[in-house]
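Student: Could you have a look at this structure, given as structure tokens, before my questions?
The values are calculated or read from the model by the stated rules, or taken from the named source; none is laboratory data. Computed from a predicted structure; not experimentally measured. Virtual Cβ from ideal backbone geometry, glycine too; neighbours counted across all protein chains shown.
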Amino acid sequence: MHVGIHDLSFATTEFVLPHTALAEHTGADIGKYHLGIGQRAMSVPAADEDIVTMAAAAAAPIIARWGVEKIRTVVLATESSIDQAKAAGVYVHSLLGLPSSTRVVEVKQACYAATAALQFAIGLVHRDPDQRVLVIASDVSRYELDSPGEATQGAAAAAMLVGADPALVRVENPAGLFTADVMDFWRPNYLTTALVAGQESITAYLQAVEGSWKDYTEQGGRRLTDFRAFCYHQPFTKMAYKAHRHLLRFTGADADEPQVTAALGLTTAYNEVVGNSYTASVYLALASLLDHADDLTDAPVALISYGSGSVAEFFAGTVAPGYRDHLRTTAHQTAVTRRKPISYDTYRALHSTTLPTDGGHHPVPEQTTGPYRLAALSDHKRIYEPR
Ligand code: CAA
């Protein structure tokens with residue numbers, strides 16, 4: 001029995017900040033952003049957007065296409081959680097009109113958690129192939145203003161329907177795993193922006209790629225040359241290139257640049273204009289590949305998920321025959337192009353806005369035009385509204 005990704009849909013924010021506007025403020029040569037880190041723009045959430053509104057917007061088209069009947073589990077992965085206790089997925093469950101006979105849970109391990117959620121979902125489907133699991137990765141990446149990390153922010157949600165006989169990607173066994181207790185990137189509960197040791201985080205990522213690949217081969221995985229493409233976690237798209245060159249060198253393969261570009265070139269189209277969407281990022285890379293490649297039928301594709309702290313997983317999927325009939329290319333492109341460009345000053349004001357903590361009733365300014373919005377904060381409760 002094949003189990004894997006039956007549908008994949010992503011959503012992002014109302015606003016976008018081009019890196020040209022950031023460069024004007026920081027004084028950086030635009031080449032540093034466009035070429036050095038491989039980023040052109042980043043999604044910026046409006047005041048009435050958060051991980052719940054993005055998650056619901058990403059998942060709604062999946063529900064519209066396949067209905068709710070077989071979904072008995074929702075797993076929402078995030079590192080930008082909105083509540084220490086309640087799972088954000090419960091709000092999403094409500095906004096999507098899912099039945100009460102559903103289990104909903106939130107999982108966290110930096111940018112890696114959605115991959116754990118996907119693997120847990122696959123396990124559930126193996127136990128009962130009639131069931132489907134809705135896995136949603138939703139994150140807002142926020143670093144301090146005027147920090148080096150500022151250029152690598154972004155926000156998006158990727159929703160996946162996981163089931164038997166999947167229409168898009170058959171996820172294979174084995175998976176290569178790697179965990180190391182490192183402090184390369186983290187966010188204590190009392191901070192709204194992440195702490196990061198920039199260059200150390202790049203080294204930690206490369207070591208994790210190496211470690212997860214090593215385990216993947218020890219578990220009997222495919223040869224590197226089997227893969228048509230490699231979807232890496234992309235905190236900035238040049239990171240995928242750094243990682244792939246590192247993997248090629250580690251395995252003694254030829255790090256020939258045209259081959260590197262052929263393996264990665266189609267995976268970066270969404271991330272280079274959305275920015276870092278943390279746990280959603282590797283699935284935006286997959287969406288980009290599926291949406292832009294000519295024909296990947298039966299092609300093995302590698303997925304390399306990395307979450308600082310750190311946990312990494314190297315696994316493979318083969319693209320299902322007929323997958324192109326199920327793609328959401330136009331909707332994905334619209335999600336990117338519909339965003340309104342904002343000035344650096346507007347971005348800075350949004351970045352500095354925090355929700356009131358006094359427990360009063362506070363309507364949230366209506367800035368979005370998407371299907372769901374955060375309407376108010378009242379009595380310490382988030383009030384969401386569908387449009
Ligand atoms: N033209 C072309 N390239 C230029 C350039 C120019 N004018 N100016 C600089 N560059 C190049 C540099 O040579 C450098 O390239 P290499 O890395 O290949 O040497 C690149 O642009 C970036 O320059 P710097 O290293 O000087 O940039 P920086 O010090 O400002 O910071 C960063 C870069 C460390 C990625 C920083 O943005 C950061 O801390 N980001 C957050 C952390 C992060 O994303 N880490 C990734 C691994 S961790 C992870 O993956 C988890 C996660 O999601 C956070």
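Student: So which helices (runs of 4 or more DSSP H) are wholly in the stretch 1-115 and hold at least 3 residues that are over 20 Å from Ser352 (Cα atoms) and away from the ligand (no atom under 16 Å from the Cβ)? Before the answer, list the steps.
Tutor: Values: elements: 19-26, 51-66, 88-96.
Where helices (runs of 4 or more DSSP H) fall fully within the stretch 1-115 and carry at least 3 residues being over 20 Å from Ser352 (Cα atoms) and away from the ligand (no atom under 16 Å from the Cβ), they are 51-66, 88-96.
Student: For the stretch 344-364, state whether one or more residues are under 22 Å from Arg65 (Cβ atoms) and at pLDDT 95 or above. Show your work before the answer.
Tutor: Within the stretch 344-364, the first condition is being under 22 Å from Arg65 (Cβ atoms), and the residues that meet it are none.
No; the residues of the stretch 344-364 include none that is under 22 Å from Arg65 (Cβ atoms) and at pLDDT 95 or above.
Student: Next question, about the same structure. Say we look at the stretch 173-224 and pick out the residues that are surrounded by fewer than 17 Cβ atoms within 10 Å (Cβ to Cβ) and among the acidic types (Asp, Glu); which of these is nearest to the ligand (Cβ to nearest atom)?
Tutor: Top of the filtered list is Glu200.
Student: Oh, and also: Residue under question is Arg245, and the condition is that it be away from the ligand (no atom under 12 Å from the Cβ) and surrounded by fewer than 23 Cβ atoms within 10 Å (Cβ to Cβ); does it hold?
Tutor: Values: away from the ligand (no atom under 12 Å from the Cβ): no; surrounded by fewer than 23 Cβ atoms within 10 Å (Cβ to Cβ): yes.
When the stated conditions are applied, Arg245 does not pass them.
Student: A further question on this structure: Looking at the structure I just gave you, is Pro18 more than 30 Å from Ile122 (Cβ to Cβ) and within 17 Å of the chain's Cα centre (by Cα)? Talk me through it step by step, then tell me what you get.
Tutor: Numbers: more than 30 Å from Ile122 (Cβ to Cβ): yes; within 17 Å of the chain's Cα centre (by Cα): no.
When the stated conditions are applied, Pro18 does not pass them.
Student: Residue by residue through the stretch 261-283, note down the ones that are within 11 Å of Ala155 (Cα to Cα) and in contact with a Ser or Thr (Cβ under 7 Å, 6 or more places away or on another chain). Explain how you work it out, then say what you get.
Tutor: So the first thing to find is which residues in the stretch 261-283 are within 11 Å of Ala155 (Cα to Cα), and the list is 271, 273-281.
Within the stretch 261-283, Asn271, Val274, Gly275, Asn276, Ser277, Tyr278, Thr279, Ala280 meet the criteria.
Student: Now, a different point. For the stretch 233-242, enumerate the residues that are in contact with a His (Cβ under 9 Å, 6 or more places away or on another chain) and within 9 Å of the ligand (Cβ to nearest atom). Explain how you work it out, then say what you get.
Tutor: Taking the stretch 233-242 and keeping what is in contact with a His (Cβ under 9 Å, 6 or more places away or on another chain), we get 239-240.
Selection gives Met239 alone.
Student: Which of (1) more than 9 Å from the ligand (Cβ to nearest atom); (2) more than 27 Å from Asp7 (Cα to Cα); (3) touching a residue at least 24 places away in the same chain (Cβ under 8 Å) does Pro258 not meet, given it meets every other one?
Tutor: The single condition Pro258 does not satisfy is (3).
The rows are residues; the columns are (1) over 20 Å from Trp213 (Cα atoms); (2) in contact with a strand residue (DSSP E or B) (Cβ under 8 Å, 6 or more places away or on another chain).
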| residue | (1), (2) |
| --- | --- |
| Met239 | no, yes |
| His246 | no, no |
| Ala255 | no, no |
| Leu264 | no, yes |
| Ala269 | yes, no |
| Tyr278 | yes, yes |
| Thr297 | yes, yes |
| Pro300 | no, yes |
| Gly307 | no, yes |
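Student: Check every one of the strands (runs of 3 or more DSSP E) wholly within the stretch 322-387 and list those with 1 or more residues that are of a type in the set (S, T, N, Q). Walk me through how you get there before you give the answer.
Tutor: Working: elements: 361-363, 372-378, 381-386.
Where strands (runs of 3 or more DSSP E) fall fully within the stretch 322-387 and carry at least 1 residues being of a type in the set (S, T, N, Q), they are 372-378.
Student: Output the number of residues of the stretch 214-240 satisfying the condition of being part of a helix (DSSP H, G or I) and either out of contact with any Leu (no Cβ under 6 Å at 6 or more places or on another chain) or within 30 Å of Thr357 (Cβ to Cβ) (or both).
Tutor: Within the stretch 214-240, the subset part of a helix (DSSP H, G or I) is 214-218, 224-226, 237-240.
Of the ones still in play, those that are also either out of contact with any Leu (no Cβ under 6 Å at 6 or more places or on another chain) or within 30 Å of Thr357 (Cβ to Cβ) (or both) are 214, 216-218, 224-226, 237-239.
Number satisfying all stated conditions: 10.
Student: Could you check Thr334 against (1) surrounded by fewer than 21 Cβ atoms within 10 Å (Cβ to Cβ); (2) under 24 Å from Ala175 (Cα atoms); (3) more than 17 Å from the chain's Cα centre (by Cα) and say which number it fails?
Tutor: Among (1) surrounded by fewer than 21 Cβ atoms within 10 Å (Cβ to Cβ); (2) under 24 Å from Ala175 (Cα atoms); (3) more than 17 Å from the chain's Cα centre (by Cα), Thr334 violates only (2).
Student: Next question, about the same structure. Can you name the residue in the stretch 295-316 that is more than 14 Å from the chain's Cα centre (by Cα) and among the β-branched types (Val, Ile, Thr) and, of all such residues, is surrounded by the most Cβ atoms within 10 Å (Cβ to Cβ)?
Tutor: Val301
Student: Also: Considering the stretch 142-172 alone, what residues qualify as being within 16 Å of the ligand (Cβ to nearest atom) and either touching a Pro at 6+ places or on another chain (Cβ under 8 Å) or more than 22 Å from Ala88 (Cα to Cα) (or both)? Even if it seems obvious, please write down each step before you answer.
Tutor: Residues of the stretch 142-172 that are within 16 Å of the ligand (Cβ to nearest atom), as a first pass: 142-158.
Once the filter is applied, which keeps residues that are within 16 Å of the ligand (Cβ to nearest atom) and either touching a Pro at 6+ places or on another chain (Cβ under 8 Å) or more than 22 Å from Ala88 (Cα to Cα) (or both), the stretch 142-172 yields Glu144, Leu145, Asp146, Ser147, Pro148, Gly149, Glu150, Ala151, Thr152, Ala155.
Student: Same structure again: Give just the number: which of (1) within 15 Å of the ligand (Cβ to nearest atom); (2) within 24 Å of Ala167 (Cβ to Cβ); (3) of a type in the set (D, E, K, R) does Asp294 not satisfy?
Tutor: (1)
Student: Provide a single number: the residues in the stretch 305-323 that are of a type in the set (A, V, I, L, M) and either within 13 Å of the ligand (Cβ to nearest atom) or touching a helix residue (DSSP H, G or I) at 6+ places or on another chain (Cβ under 6 Å) (or both).
Tutor: Applying the first criterion (of a type in the set (A, V, I, L, M)) to the stretch 305-323 yields 311-312, 316, 319-320.
Checking which are either within 13 Å of the ligand (Cβ to nearest atom) or touching a helix residue (DSSP H, G or I) at 6+ places or on another chain (Cβ under 6 Å) (or both) leaves us with 311-312.
Qualifying residue count, the stretch 305-323: 2.
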